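First up is the structure itself, then whatever we jot down about it.
The values are calculated or read from the model by the stated rules, or taken from the named source; none is laboratory data. A quick note: this is a predicted structure, and the numbers were derived from the prediction, not measured. Don't worry about glycine lacking a Cβ; one is built from the backbone with ideal geometry, like all the others, and counts go over all protein chains shown.
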Amino acid sequence: MKRLFGTVFRKELRDHLRDRRSVLTALMFPLLGPVVFLVMFNLLASWYRQDRPLELPVIGRAHAPSLMAFLERYGAKLVEAPADYESRIRAGTLDAVLIVPEDYGREFSTGHTAEVQLVVDSSRQSARHSVLRARRLLEAYARFLGDQRLYARGIAPGLAIPVRVQELDLSTPERTAAGVLNMVPLFLVLAAFAGGMQLASDTMAGERERGSLEPLLLNPAPRSAVVTGKWLATVAMAAVAVLLTLVGYLLVVRRVPLEDLGVKARFDAPAALGMAAAVLPLCLAASAVQMWVSTYARSFKEAQTYLSLLMTVPMLPGMVLALSPLQTQAWMFAVPVLGQELLAGEVMRGEPLGPLPFLIAAASSVAVSALALRITTGLLAQERIVFGRG
Amino acid sequence: MIEARNLHKRFGRVTAVEDVSFTAEDGVITGLLGPNGAGKTTTMRMLYTLVRPDRGTALVDGVDVVRRPEEARRGLGVLPDARGLYPRLTAREHARYFGELHGLSGAALDKRVDELIDLLDMKDIADRRTEGFSQGERVKVALARALVHGPRNVLLDEPTNGLDVMSTRAVRTLLRRLKAEGRCVVFSSHVMQEVAALCDRIVVVAHGKVVADGTPDALRASTGKDSLEEAFVATIGSDQGLMQ
């Protein structure tokens, strides 16, 4: 039995690796994730660069000298605003412009509320951070002056503030990074599906289409040995795809300015090992289910269509997780795909996990594989599968 | 030796095979002759264990194909209706793969594969990938993998279908050789000339039943016809599908 499935395994891999185009397809996909990662992080870093002083173009600087002094003291770099500032803000080359009206000084010194205008385009994500910084500075100045006026009249400023809202930002740097890094688990899980897809299509549906399944089943080898050999070959391709994706991320992460974002994600060797331990067992289940689905298809093309649809299954929880992280609960680790995405995410965020969630996730993958393989083996005894050709 | 005993098979409401019994002896070429749709392929599939009979069974060298299909397959070499090859493997790799699945390995397997390549006269195609092989070359590869384990019993479903004259001759030569080696050879065909040229014994199947079983001479005698062709027509009641 052991030798027999070894024979099938070797034949399937050799056969598959000679198909240059489908191997290339299987291996290109894992590189997609890291490339997206590289581009996205560089983009984000260019938006959120913390170390850069706030550059604030001002119109009418002369109307509010003390405000200007305050802004400069708190690190803003004031420059003259260009004449076409509105179109520039719309185009995204300017983040915000401060306008100090002529009557600012008069209103201010008579004790009325003086107005300044902050011109922004709120639909531009990239300007959000600069706008926020400018607004905070202006509000701080207003509060500072307000307090002084109250003191001058012998009133404690606290009286005018019955409730003060204080924001406690719980996101550790690791968590902030993970918000963006949530794409990583998704791509790892997708690789577990993409890597073996070609082989799974060819090894069952392709065998039916070519008319080579009947001769194959004429051998005295048990059907379970045939299915196991084919499954292991699929698993091998899937595992290679997952590992390639991980290596891709490891290489790319050195070229990404994570520090500029003020964040730190764990992407060192132990974290990579943890992610491999989280996602690799999924290859077993993904490949087994792919084989099962592929057995129903009468042709390679039909199998590809079904298996592409199957790929959307990991996309769904992945998308949800990337947009709104769930409150993780133990049972979730037992759901294949969701469990792996959660695990990989937690490892990346640097959460201490312990071995139990890994074991739960792996056990559920093994259970799914066993079920799918059993059904596939049963299908090979059915006449409509063995003889029903496309 | 292959013994078919009261084989029955229905597909839905259609009865494909109804009470087929015959014995194919060692050292004899037995032809399963019948028009298209007579139930030859279904009978063959029951003999080579991939279709389970509704009733009846068959014995391959005494091994019951229903109860012990894996063991029965060990004693069988089959050229089935489906002859699909793996386009990215060479002819030699096909034979080796099937040999390994039969439990052969090492020098014994190498020797056996070389013998077959010699026997089937496929030296010049042995190490080429099978993609783009001609029909005749494909049948040779399919025969090589069917015979790699040196089976005592050989089943061939329409082996010369779609072959040119040269390839047909090669297949006939091979069948005679297998017979001379004392193997039990059963092949099905809807071509009377094919069966007449090769068979020692003919089992005529029509509408899922055995309608005649005997040597060509016995068939002629029992129908009172001089030519084999007339004898077949008389036996199955029509000449539809028998002529080429």
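Here are some notes:
- In the stretch B:103-143, the residues that are on the phi > 0 side of the Ramachandran plot and assigned to a loop (DSSP other than H, G, I, E, B): B:G103, B:D121, B:G132
- Selection count, the stretch A:345-369, where residues are closer than 15 Å to A:P270 by Cα, not in a loop (DSSP other than H, G, I, E, B) and not β-branched (V, I, T): 6
- Strands (runs of 3 or more DSSP E) wholly inside the stretch B:1-77 containing at least 1 residues that are within 14 Å of chain A (Cβ to nearest Cβ): B:2-11, B:14-24, B:55-60
Table: residues versus (1) farther than 25 Å from B:M44 by Cα; (2) within 14 Å of chain A (Cβ to nearest Cβ); (3) of a type in the set (A, V, I, L, M, F, W, C).
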| residue | (1), (2), (3) |
| --- | --- |
| B:P87 | yes, yes, no |
| B:V113 | yes, no, yes |
| B:D118 | yes, no, no |
| B:K123 | yes, no, no |
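- Positions within the stretch B:80-96 being more than 17 Å from B:D114 (Cα to Cα) and modelled with pLDDT of 95 or more, in sequence order: B:L85, B:Y86, B:P87, B:R88
- When B:R88, B:R74 are screened for being in contact (Cβ under 8 Å) with a residue 24 or more places away in the chain and over 16 Å from B:G150 (Cβ atoms), only B:R88 passes.
- The single condition from (1) closer than 30 Å to A:L145 by Cβ; (2) in the same structural domain as A:L186 (by TED's automatic domain parsing) that A:L24 fails is (1).
- Contacts under 8 angstrom Cβ, first residue in the stretch A:361-390 being acidic (D, E), partner in a helix (DSSP H, G or I), 6 or more apart: none
Yes or no, residue by residue, for (1) farther than 15 Å from B:G39 by Cβ; (2) in a loop (DSSP other than H, G, I, E, B):
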{"residue": "B:A196", "(1), (2)": "yes, no"}
{"residue": "B:V203", "(1), (2)": "no, no"}
{"residue": "B:V211", "(1), (2)": "no, no"}
{"residue": "B:S222", "(1), (2)": "yes, no"}
{"residue": "B:K225", "(1), (2)": "yes, yes"}
{"residue": "B:A234", "(1), (2)": "yes, no"}
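- Any hit, the stretch A:223-240, residues being in the same structural domain as A:A381 (by TED's automatic domain parsing), closer than 30 Å to B:V63 by Cα and surrounded by fewer than 20 Cβ atoms within 10 Å (Cβ to Cβ): yes
- Test result for B:A91, crowded, with 21+ Cβ neighbours inside 10 Å, of a type in the set (G, A, S) and at the interface with chain A (Cβ under 9 Å from one of its Cβ atoms): no
- If the condition is being of a type in the set (G, A, S), out of contact with any Pro (no Cβ under 8 Å at 6 or more places or on another chain) and either within 13 Å of chain A (Cβ to nearest Cβ) or surrounded by 24 or more Cβ atoms within 10 Å (Cβ to Cβ) (or both), then the stretch B:125-145 contributes only B:A144.
- Residue in the stretch A:46-68 that is at pLDDT below 85, of a type outside the set (F, W, Y) and part of a helix (DSSP H, G or I) present: yes
- Taking the stretch B:95-111 as the range and being basic (K, R) and either within 14 Å of chain A (Cβ to nearest Cβ) or surrounded by 13 or more Cβ atoms within 10 Å (Cβ to Cβ) (or both) as the test, only B:R96 passes.
- Against the test of being under 22 Å from B:T235 (Cα atoms) and either crowded, with 21+ Cβ neighbours inside 10 Å or not acidic (D, E) (or both), the options B:V171, B:V191 yield a single qualifying residue, B:V191.
- A residue that is part of a helix (DSSP H, G or I), more than 36 Å from the chain's Cα centre (by Cα) and at negative phi can be found somewhere in the stretch A:109-121.
- B:V113 vs. criteria assigned by TED's automatic domain parsing to the domain that holds B:E18, modelled with pLDDT of 95 or more, of a type in the set (A, V, I, L, M) and over 18 Å from the mean Cα position of the chain (by Cα): no
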